[in-house]
Each structure stands twice: as structure tokens, then as C-alpha cells.
There are 4 protein chains.
Amino acid sequence: MSSNSIGKLFTLTTFGESHGYSIGGIIDGCPANIKIDFALIKKELKRRSPKSEFETKRNEIDDFEIVSGLYNGVTLGSPIAFIIKNTNKRSVDYDNLENIYRPSHSDFTYSKKYGIRDPRGGGRASARETTSWVFAGAVAKQILNAHNIEIAAFVSQIGDIKLEKNPPSPSPFFADSFITRCPDKETDLKIQKHLNFILEQKDSCGGIITCNIKNLPIGLGEPIFDKLPARLAHAMMTINAVKGFEIGEGFNSAILKGSEYNDEFIETKNQIRTKTNHAGGTLGGISNGEDLVFRVAFKPIASILQKQNTVDTDGKATEIEIKGRHDVCVVPRAIPIVEAMAALVLVDFLLIAKAYKL
Amino acid sequence: MSSNSIGKLFTLTTFGESHGYSIGGIIDGCPANIKIDFALIKKELKRRSPKSEFETKRNEIDDFEIVSGLYNGVTLGSPIAFIIKNTNKRSVDYDNLENIYRPSHSDFTYSKKYGIRDPRGGGRASARETTSWVFAGAVAKQILNAHNIEIAAFVSQIGDIKLEKNPPSPSPFFADSFITRCPDKETDLKIQKHLNFILEQKDSCGGIITCNIKNLPIGLGEPIFDKLPARLAHAMMTINAVKGFEIGEGFNSAILKGSEYNDEFIETKNQIRTKTNHAGGTLGGISNGEDLVFRVAFKPIASILQKQNTVDTDGKATEIEIKGRHDVCVVPRAIPIVEAMAALVLVDFLLIAKAYKL
Amino acid sequence: MSSNSIGKLFTLTTFGESHGYSIGGIIDGCPANIKIDFALIKKELKRRSPKSEFETKRNEIDDFEIVSGLYNGVTLGSPIAFIIKNTNKRSVDYDNLENIYRPSHSDFTYSKKYGIRDPRGGGRASARETTSWVFAGAVAKQILNAHNIEIAAFVSQIGDIKLEKNPPSPSPFFADSFITRCPDKETDLKIQKHLNFILEQKDSCGGIITCNIKNLPIGLGEPIFDKLPARLAHAMMTINAVKGFEIGEGFNSAILKGSEYNDEFIETKNQIRTKTNHAGGTLGGISNGEDLVFRVAFKPIASILQKQNTVDTDGKATEIEIKGRHDVCVVPRAIPIVEAMAALVLVDFLLIAKAYKL
Amino acid sequence: MSSNSIGKLFTLTTFGESHGYSIGGIIDGCPANIKIDFALIKKELKRRSPKSEFETKRNEIDDFEIVSGLYNGVTLGSPIAFIIKNTNKRSVDYDNLENIYRPSHSDFTYSKKYGIRDPRGGGRASARETTSWVFAGAVAKQILNAHNIEIAAFVSQIGDIKLEKNPPSPSPFFADSFITRCPDKETDLKIQKHLNFILEQKDSCGGIITCNIKNLPIGLGEPIFDKLPARLAHAMMTINAVKGFEIGEGFNSAILKGSEYNDEFIETKNQIRTKTNHAGGTLGGISNGEDLVFRVAFKPIASILQKQNTVDTDGKATEIEIKGRHDVCVVPRAIPIVEAMAALVLVDFLLIAKAYKL
């Protein structure tokens, strides 16, 4: 299976370098007879586009073209290929980078692995790739929506500024009304202030996204190596700049005792629920009917406008001063990416689960 | 592909319930002509066995049998099937659990997903499964060793007791001389004290394992969806009780600025290295020649000897008092499991990389 | 994915050399809550065992052991591992073969590919492997039976003796009452005579099996690369000694004109059928509701008791005289193997189709 | 894995309906640093285009666009996406077909499977899809060529006119100088005459292609379920209109005795060869160094210009008279398709074999 593919039944295979002709992908295994909601796709792509002053000035108009798999806007059951042109590529910004390795970029590893690299932008390693994921995720979300499954991610930390309290069972898009997508007025403002400070310093910063998914049926996820948290972790760790994944109590589990951590089962009308949700929605790798709650950690982006020490492609020490239009913090823009990757994982498990409904 | 399989070229497919006849698996894609080091396999299985007073009194003698794939102890290139009998199963301990859902166990989700469950022990969800992983990991390690790649995991936190400083570039097995596998005398003693306290309270506790891998060649990992950290996260999140994964600075990345996080490239003799290793050994999902460093968070195990509230299989509220022989803390025993899963991921990428050496 | 695995949702992974400790496999993706019919498994294994004078005198008692995946005989949804011991291995028969390449055996290619081979029997390339397939096929058949799908293979040619007319829509096992499994009294006798002649000549001979599958739902098979005939061809061509596969008119299609070949659609009560079935049950790679009819060609087995010219492992010319207990013709015994492989393919597509029922 | 994907390391994933915006695909797993020979790609696509009077008048100019994976014409190691526009689609020809099932077309099965179908042309089931395969095959051939592996297919039968004798070890393109691609002057003429006759009758006819591959290294193909003939059969049976596959003696094996069929090993300088090649180049599913020789049977194409009986989508009996530009016989045009699919299979196995070179 292609290393540029994800999924077992509902699959996405992607292509494209950031400054090449186009990026795009092929969605396969999408059920037939779904009327594609183009407005939702556009909305999701727009959510990923830079908007605030802390985000790249690159004007990414993500005009997509669906070149197969639909007839009169309805899915045929055949592969849905889509193309997103790279309209606003300014390779000139990258001209001075051909013979130099940018610190914490993949220039170095791509060069060594392949013996060649695309010097225009980040090539295949650029976050532009995630546009295709958001596109495919928007298709996946339509199927999930039809099953009432709702995905809502939000910013829970930027730098050392943390959201105090998670919103309980949030709805999709609820965080979009906040500039930093941190769904608390005060924290949102604090983060804006912090980002202004980072911007002035020509620096960048990271953060954490929390994702909450509600109305998942019980039984998604497959033992042993297709556990739901394992597939989610895999999907999240493929996102550019992501350095950590945790579900439920995550790393905090280490300091809890079993008596504190365990989620008691309780009797509710016609349903077994848990009193608490430290597990974050799965038991034994399988969804248990509680909200799925996981967190994803992003490092600060590598492209900062300060002078940095590095080496050239011959290994000689040199300095670099990156120019161009870069984000101060990508975390708010990564919300739709996290949601999209979650949607791709979930729709795949949903189809697999249907295969076993006797 | 079977959800009980992992790997693309070097694959492991496992089977077995904890209290059934046996567990085991099939390793496929192992190169031919490797003389299997049975002593290493035994050593790794023994490392996973309970030893200290904080671990289950269940005497697991993991006698394995290799039933195919070898001729005179040398690999044939054909599937290596192995069987590990469940010799010391005491299903009686579980008799009272058939009609009850144990808090934070997968009894509930397995029952709902499959409409049936194995009431003996944890069935397929039991950590006994990991014995097969350690077995396969021991085979994988032999191939990695031949490439000089060394994996060394150690306990870096139990409860709120943390190892102050990571050992730099540790060697395999170095932590085994410490009872809690936390490689610092003082911290080791503190943790023992803490575990005694937890034991008295009939409670359990979690912790964190750090894994350090050295001498990785540059270029392991495949963009986009087979990034090395993504495959590692996937593998680690399949381990029972694991709730989080991070690589390099991980969640701490969120509070670092780009200028603090970025790893400068430096000129060393004949090699490009980085001055720091905040990335934890990968760039763009591909190994960069630095030590691979990741951390895995474990929740406290669910089986505590205190009375707990729960429901029965009809959803009626009830109480449960789990009996039997359970670990207070599985983290020290999980060291070889973390290493084994890392070995399986790495050997697979190593083979794939060889396919592309022109 | 392991090259010793087949299937996407319903998978079989096998292991074992013919003269090693045991052969066996892991079935994964089998739905839960199926009461396994052990008698059917035994029956199928027995159908594969030698019976007539034209078949090996090796007394293969295929005692199997299911070591996981069942509780009280009912599937748990977890991997079903099974072991079939090699009880009657007489490696002594093979002692003189260690340094010689048997004509038309895979000794040569295995040695060259792996740099090592198992000199006992055919190692992994032995047809003993197919016992595991028959086992797994018997499990698959139970699921198919529950959907009313019936598989019936029969011998349609041995040497140049051909069955004149295919039986219309035959039922499972219907050919078993004929010694050669060619379901026509006269032809059966002719073939017996021919086999006696071949036996006397210390020679071997091949033949053709036709397989007929009825009551398939419309819609099995996935475009483009998972077309039903393509997956069937793949499965059949993995069977030892198989050299050809054809569906419907197969090779005879070449001489038909479109006006002769085309299957007219006709109106029947509540159903669209075709007047003829030259296609053999699929259109565009997808089952069309007609009987699936395909044919599989077997070469004569390589082990003949005549002296043959060959080379030794150093490449020096030599002679060989194979001893031991070998079949004159394996085609009748291959009936359950062909059916089993068909069952594995069909049950996989059946599950996939269920995933897409909206 | 997408059912529109083929391959394990070197993969092709395709998309596109015959009368939609475009067809195309993504090649992944292609080694880096290969200078793409665009002329070869064009040549192969042209070989697939209709040329003679027996082939569709549809003027398919297969202008392709490579939208990713290359930098200055050299492969980057990243996915190579290509697009082939459907420039000359005349959906009007198909307007009367929306409510009718064409005999022996997949209209019926696609409709039933998906509950919807693309009424323009054959949708996804059209042979136009094979253009993408030829494209990808041309890339694969470049890698094979660098290993000296040569693929040469030719027409060996049309209707009942057969090539008497196979050309021994033919070179690529050798059959292209014959109008029908049957590489014998006299037979070529006979076939032309026959095709004229079929054309006059408004009928169509099938045929057989033989493919010969030389200079394959020993050791390609993976036991058990990835045997080389099994993967080839799978690949060939995905080609539109293909109804049969055989390797070496194929179906003729049935009438040979072991003493006739067995290929004696012989001593040649520094190499072990076989005296004959009844096996067709593999033993135990693994290439043995002899020419790989297989045959593929094509049915007559379904679209004939005669009036035919059929049913409409409501199941009511009706008549159909297909119009438009259709081939009388696709077999000559299928030569590059057969070669392309063979190339895809072989390059995949070549990469896998490299992974295991120690």
C-alpha cells in the first residue's frame, strides 16, 4: 500500500509538492449516492486558510476541482479525484535555500533519503499537503454527519497560555467565532497578546489542540493493531509539526491512581454510561459511547525570521535568514486539519463496523 | 489486512485469548539465513515476566515453541509461527465476572461490539497478548543489532515521581539493574516506596516510559502517512494501558518558541548533525541520524482490589470486588514491550529503505 | 501485508513446512457468534486426503486443533488460529534430495531466492500447505451457506479425457460419489482406466477442474483492481500445479463473435437475468446474479518415479530417481482446494459489500 | 487498500470515468532520481490508440500532464500524479442508453451495485481506464529496462486464426510492424481479412495475446499468496474483456504427462537453465531465470452494431441498437496494456526482492 495512502475501506491517496503545478488526491471507498455538499468543502478549506495577522500573508485560494467520481454532484462509488492548484506560489522566496538546510525543516532528511529534493517551498513536506486532507475530511464528515457523529476541535493551549476548563461536549465550528479558536473570551485575548509579542520577536510558537467527538456508536475500532486510539494517533502524528498525541487523561494518567482513574459504569435509561470519562471514549481500543476526547501537541513552526546557524548542503557551517510569508503560529489553522484526519479514521471504522453487522 | 497484523514487509500477525489454549503469532517477511538467538528471545520474555513484589504473582513461564520457518535454527525466509502456551491460567478467578462489567476494562466494549465475549481473563484484550509482541520484537532486534541499531527504554516516571535527567544515549538493558527500571538509584528507591504505599492501599498506578534508539541510519520513515513518528505512535498506542505518545519535546513543544525549539545543523567530521535534539530524531517524519527519543504514558491498571461501583450485563447498578493476582504497576514490565514494538516498526522501515537503495 | 496472507476483511495467514512440526494458520476478520461446524471442517479435510489408488499412500490424518478465537465452539470475532500437525512425515524419503534439484520442483528457485531451503519434503512449497486453505475455506463456507451461496467444483478433464457436458447448476459435494470426481459414470470409468495406465508407466498427469457457484448476490467484486474474476484468478493461481484460469467462455472467447458471445438480458419475474451465461457470472468484474463458472488447469505433478536428468546444487549434470509416495494425479483431490479458495475470495467480498449497504 | 490500487511498494491508484473531465492516477513508490523518458510514455500511449480500420474512429489524443513527483523531469521519490483529459467525449452517442442495459456491458452490475451509474460512456468500466495503466506501465518499464528486463507481447490468435509458432525470445515492439500485431506476415494478412469480414457483419471478435519477458532475475515472486503467476493473473484479469490467463503450457498442461511436461535442469556455463520451458518461467511461483511466457484471452467486445435483445432499467424486454465508434477487435490495441500490467507487477516484485538482498 502506498505510503501516501491512509485507510482500509475509505481511503485517501495524495500527491503534490507545495510549489508544483497542483496538489490533490484520490478518495476511494466512498459510498455511492451521497450528494456532495460543496459548500461544506469550501467552508472547511476556508477554515484552514490564513486569516489573522499571525498567519502567513500567502493568499491561498484553494480552488478545487473534482475530476471524477461524481455525476450531477452525487457520488458514483468510484474514486473521487480532486485537484487543488498552486496558484500563488512564489518560488523566488525559496531561491536562496537550494544549497542550504533550514534548521528543523525536512530539507535535510529528504535530500539524504532521496538523493534529490524539490527546492521550491517545502516540496512534499509542506503543510500545503494538508489542504487535501481537509478536502477529504469534508467528504468524510458528510457521512459521519448522516450518522449524527459530530467533531469539534478547539485550541486549548498556545505557548504557556492554557484554557482552564474544557467546554463540555462542544458542537462543530463552535470555536470558529474566536480569533485564536480558543473558546474562551479571556484566554483568546491573552493568546492574541502573546502572539503579537512573538510576532514582534520574529519568532514562532506552538500549542495544543483538543478534539471532542460526540455521538460515536459503541464498537468502533478493531483489536489489536487497529485500536481506535492507535489509528487516531497515527493520523494525528502525520500532521506537520505534531509532536504528541494523548487520549483521555493521556500523560496525566501517569500520576493518577487506579481508584482515581477508573471510570465507573452507571445505569442510565436504556444505556450503560460511565460516570467519568478519564478514558476519553474508548476501552480496549474500542469506542464505548462516551465522547472521544484527545489532544494533539504542535511544535512552533521552523521558519522564523531571525538569523540562524546552520550548514549548507556540503556540510559547511553558515547562517540563514529565512524570508517570505510565514505563520507565527499554525495551531488555530490546524483545527480543521485535526478534525479532517479524525473524520477519515472514523469513517473508515464506521464502514468496517457495518461489514460485521449481521 | 488483518487488524491483528502489523507491518508492511516485516509483519506480525497474532492470535490468542489470555486464558485459552495458547497465544502466539506468525512473523512473516523475516529475511532468510538469520541464525535465531533463542537466548535473546528467552531473555526478552523474562524481562516482561513479573519479578518484583509490585507485580502479579501469576507465575507466567513463557515457554515458546517455534513451529515453522526455521531449519536448524536458521530462518528460511518463510513465516515463523510461534506458540506460547497458557500454562498457568486460573479461570476460577474470573468466574464471578461473567455477568459484570469491570470498570475501565474492555469487557463492556467487547461485549457490545461482538455480542459475545470470552469471560476467561481479559480474553483477547489481556496484556498477555504482549508476550507475542516481545517474542517478535526479539527477532526484529537481531536484525537491528546486525545494523548496529540499539534500543534502550527506561522508566522515567511513576505516579508523580520523575527521573530528573534523561541518561544520554543509553545502551540496551542498562535499566534492568534497577528494580523499577528507573535508572537512577535515588529515584528508583523513591518509586519503590511509592509502590509499596499503593500496594497497601490496594490501588494501582501509572507512569511514563522513555525510549532511546541510537545509530539509526538517516532516511527511515516514509512520507506522508508512513512517517516514522506516526508509525511509532500507532505501535505504542496499541499497547495495553497506553494513553499518550510524544516524540522529542512532545507536549512541551507547545511552550517553546521556534528560536528555542529549532535544532541547529552543525558541521562535524564527515557528517551533518544537530546541536540539540528537540525533534527527537526525525525531520519531516524521516530519521535524521540523531537519537530517536520518544515517551509513552501508561494509565494505572484497571484491576484494583478495592470495592468499586459498576453495572452488570443487564445494566443494573452493582458492586464489584476484583480478586486474583494483579500488578500494582505494569510500567517497569512494559519496558520490553515498548522496545519490541519499536523494533517491529524500525525493522519494517529498514527493509523498505533497502528496497530503494539503487 | 504478509505475502502469506490473503483477503482484505476476512483474511487467512498461513505458516508451516510440509515436514516441519506443523502447518496451520490464522483466520482473522471472521464475524463473531458463528457456531463452528467441526464436522464440516473434518469432512472438507477428508475430501482433500488421498483415497484412491492413484493418490499418495502417505496417510495424512489431518487432526486439527483450534487454539484461539472460539468460546464453547462459537466465534468470538478474534483471530482463529489452527494447527495441523505433520504426523506422518518420512523425511528419510527426501534424504537423497538435499544436494539435487528435482525437475519442475521449486527446490531450485527457493534455494536461489533465499540462499537456503528446507530439504525435508517440499518445505513451504509442498501442497500440504493447501490443508490450511481447506480448513479456512470450510469456515468461510459456513458463512456463505448462511447466505445460501453454494460452491460445487468437479473434474472436467484428466489428460485428454473430457467431460462432454457441464452439469447444470450442481449442488455441493455432488461429484464426490464418483471416484475421480468427474460427475459422469462413463467418463469417470475412462479416467480411471487412463490413470491406471499412467500409474503403470510411473508417470503423472494433469487435468482441469470446473467450479460452479450459485445464488451469489448481484454486486460482489470491486472495480478496478479487485474485480471478482481477478481475485479468483489470483486465488486459483496460488494453488500448487495450477497453470491456467478462465471464467465463462474463457479461452474459447477468442473464437466467438460478439453476436455469439453476448448474453442477452431477459425479463423474468421480478428479476433481470441473462438468456445465456457466456460471461460466467460477472460483468465488469462484478457478479451479475448468474452462476459463477470458472475453470482451473493443473499440470501433471512433478514427482514421477522414472529416472530423470537434472543437475546437482553445484550445477553439475546428474540423474535423479524420486522415491516415496506420490500422487499419479492430484486433480480429484484438488476439488476441495479450489472450492476453499473460492470461498475465501467470496466471503471477503461479501463482507465488503455489507460495508456499503446503506 | 483502495480497490482502485495495485501494488505493494510500487503502487498505482487510478481514477476517472470515460466521459468525465479526465482520467488519471497516482504512481507511488517509484524510486527517486529516475529521469523520466517522456518519449517512451508517448510511444506507449500511442501504441494503445486506435490506428487501423478495425479500431474505433474515436480520435483519442492522450495528452497527459504530470502534475507532481518530478523536478526538472527527474523523479523525486514522491507520488507521480498524472492526468489524461477526456478531450473527445461524445456523450451524445450514449444518450439513448441511460434507461437500457447493453448486453454484456457492466451497466447492469454497476447500477445494481451502486444504485447509480454514470450513463456517459462506460463510466469507470470503460477501457479508457487502461490508458492510465499504460502510462504507469511506461514508467515501470524504464526501471525494468535499467535491469535489462524486456517485455514483448504479441497477438497469437484472433478468432480461430492462430499463429503457428511462437517467436523465440522476442524483443520489445517487434510486433508493432504488423498491422494486427501478429508477428507473421501470412497470419497477419489472414487476420486482416477476417477482421474485414467481421466489420462487414457489424460484429466483433476476440483473440489471444502472448507475452514474453526475458532477462528476469531468478527469485521474483513471493510465496504463498504473492506467487508471480498469481499476481500476473490478477493483473491480467483486471483488463477489460479478459476471460482467461495461462502461463507456460497453461491449459495444455492437462493433457501432458509428467514425463513430457517436466523441464530438465541442464548445466550451462555458470548457470543452471532448463532444457525446455513448459513451466513458462516460474517454479513454485518464483521466477527461475527462463523467459516468462503467459497468454491472455480476450472476449469479443460487447458493443456490436447489430440490433440486440435486452431489457430496460425497469426490467422490461426491449431492443437496442448501439451506435457510435467502436472497435471490431481490441486485441491488437491491448498489447501495450498487457505489457503495462506485467511491468507493474514485475517492478513491484523487483523492489521487494531488493529489500531482502542482504
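The values are calculated or read from the model by the stated rules, or taken from the named source; none is laboratory data. The model shown is predicted, which means the values in this text are computed figures rather than measured ones. As a convention, Cβ positions derive from the backbone with ideal geometry for all residues, glycine included, and neighbour counts pool all protein chains shown.
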Kindly state which strands (runs of 3 or more DSSP E) lie completely within the range D:186-304 and contain at least 2 residues that are within 18 Å of the chain's Cα centre (by Cα).
-> D:207-214, D:242-247, D:292-298
State yes or no: is B:T131 within 10 Å of another protein chain (Cβ to nearest Cβ), polar (S, T, N, Q) and in a helix (DSSP H, G or I)?
-> no
Tell me which residues, restricted to the range D:201-224, are out of contact with any Lys or Arg (no Cβ under 9 Å at 6 or more places or on another chain) and at the interface with chain C (Cβ under 7 Å from one of its Cβ atoms).
-> D:G207
Where A:R273 falls short, out of the listed (1) in contact with a Phe, Trp or Tyr (Cβ under 8 Å, 6 or more places away or on another chain); (2) surrounded by 23 or more Cβ atoms within 10 Å (Cβ to Cβ); (3) under 29 Å from B:I320 (Cα atoms) = (2)
Number of positions in the range C:108-148 that are surrounded by 24 or more Cβ atoms within 10 Å (Cβ to Cβ), more than 15 Å from C:G24 (Cβ to Cβ) and touching a residue at least 40 places away in the same chain (Cβ under 8 Å) = 6
Take the range A:186-200 and flag every residue that is charged (D, E, K, R) and either out of contact with any Cys (no Cβ under 7 Å at 6 or more places or on another chain) or within 7 Å of chain B (Cβ to nearest Cβ) (or both).
-> A:E186, A:K190, A:K193, A:E200
Among residues belonging to the range D:319-340 that are surrounded by 24 or more Cβ atoms within 10 Å (Cβ to Cβ) and at the interface with another protein chain (Cβ under 10 Å from one of its Cβ atoms), point out the one that is modelled with the lowest pLDDT.
-> D:V328
Restrict the check to the range A:331-351 and report whether at least one residue is in a loop (DSSP other than H, G, I, E, B) and not aromatic (F, W, Y).
-> no
Taking the condition of a type outside the set (K, R), crowded, with 16+ Cβ neighbours inside 10 Å and under 13 Å from C:I247 (Cα atoms), does C:A279 pass?
-> yes
Residue ID - surrounded by the most Cβ atoms within 10 Å (Cβ to Cβ), chosen from residues in the range B:296-313 that are more than 18 Å from B:K202 (Cα to Cα) and more than 8 Å from chain A (Cβ to nearest Cβ) = B:V296
Cross-chain or 6+ apart pairs with Cβ under 9 Å, the range B:319-330 first and in a strand (DSSP E or B), then at pLDDT 80 or above and of a type in the set (V, I, T) = B:E319/B:T310; B:I320/B:I100; B:I320/B:T310
Of (1) within 10 Å of chain A (Cβ to nearest Cβ); (2) over 24 Å from the mean Cα position of the chain (by Cα); (3) under 21 Å from A:S3 (Cα atoms), B:K316 fails just (3)
Checked against (1) modelled with pLDDT of 95 or more; (2) more than 30 Å from B:E98 (Cα to Cα), B:T268 satisfies every condition except (1)
Determine if the range D:110-117 includes at least one residue that is under 24 Å from D:T14 (Cα atoms), of a type in the set (V, I, T) and at pLDDT 95 or above.
-> no
Would you mind stating whether B:N166 is of a type outside the set (D, E, K, R), more than 14 Å from every other protein chain (Cβ to nearest Cβ), over 30 Å from A:T14 (Cα atoms) and surrounded by fewer than 23 Cβ atoms within 10 Å (Cβ to Cβ)?
-> yes
Residues in the range A:222-247 that are aromatic (F, W, Y) and over 23 Å from C:G77 (Cβ atoms) total 1
Can you tell me which residue among B:F178, B:F173 is under 21 Å from B:A343 (Cα atoms) and surrounded by fewer than 24 Cβ atoms within 10 Å (Cβ to Cβ)?
-> B:F173
Please determine, by comparing only the residues of the range C:227-262 that are acidic (D, E) and surrounded by 24 or more Cβ atoms within 10 Å (Cβ to Cβ), which one is nearest to the other protein chains (Cβ to nearest Cβ).
-> C:E246
Restricting attention to the range D:305-317, the residues that are assigned to a loop (DSSP other than H, G, I, E, B), touching a helix residue (DSSP H, G or I) at 6+ places or on another chain (Cβ under 9 Å) and within 20 Å of C:G284 (Cα to Cα) number exactly 1
Closer than 25 Å to A:A230 by Cβ, more than 11 Å from every other protein chain (Cβ to nearest Cβ) and assigned to a loop (DSSP other than H, G, I, E, B) - does that describe any residue in the range B:39-47?
-> no
Restricting the range B:17-38 to residues that are within 13 Å of chain A (Cβ to nearest Cβ) and part of a loop (DSSP other than H, G, I, E, B), the one surrounded by the most Cβ atoms within 10 Å (Cβ to Cβ) turns out to be B:E17
Out of the residues in the range C:81-109 that are of a type in the set (S, T, N, Q) and part of a helix (DSSP H, G or I), state the one that is modelled with the highest pLDDT.
-> C:T109
Being of a type in the set (A, V, I, L, M, F, W, C), more than 11 Å from every other protein chain (Cβ to nearest Cβ) and within 30 Å of A:Y71 (Cβ to Cβ) narrows it down to one of D:A136, D:A175, D:A140, so name that one.
-> D:A136
Among the residues of the range B:312-334, which ones are under 19 Å from B:L40 (Cβ atoms) and in contact with a Phe, Trp or Tyr (Cβ under 7 Å, 6 or more places away or on another chain)?
-> B:A334
Matching residues in the range A:162-179 - criterion: being more than 16 Å from the chain's Cα centre (by Cα) and not aromatic (F, W, Y) | A:K162, A:L163, A:E164, A:K165, A:N166, A:P167, A:P168, A:S169, A:P170, A:S171, A:S177, A:I179
Just checking, which of A:T56, A:T14 is among the hydroxyl-bearing types (S, T, Y) and in a strand (DSSP E or B)?
-> A:T14
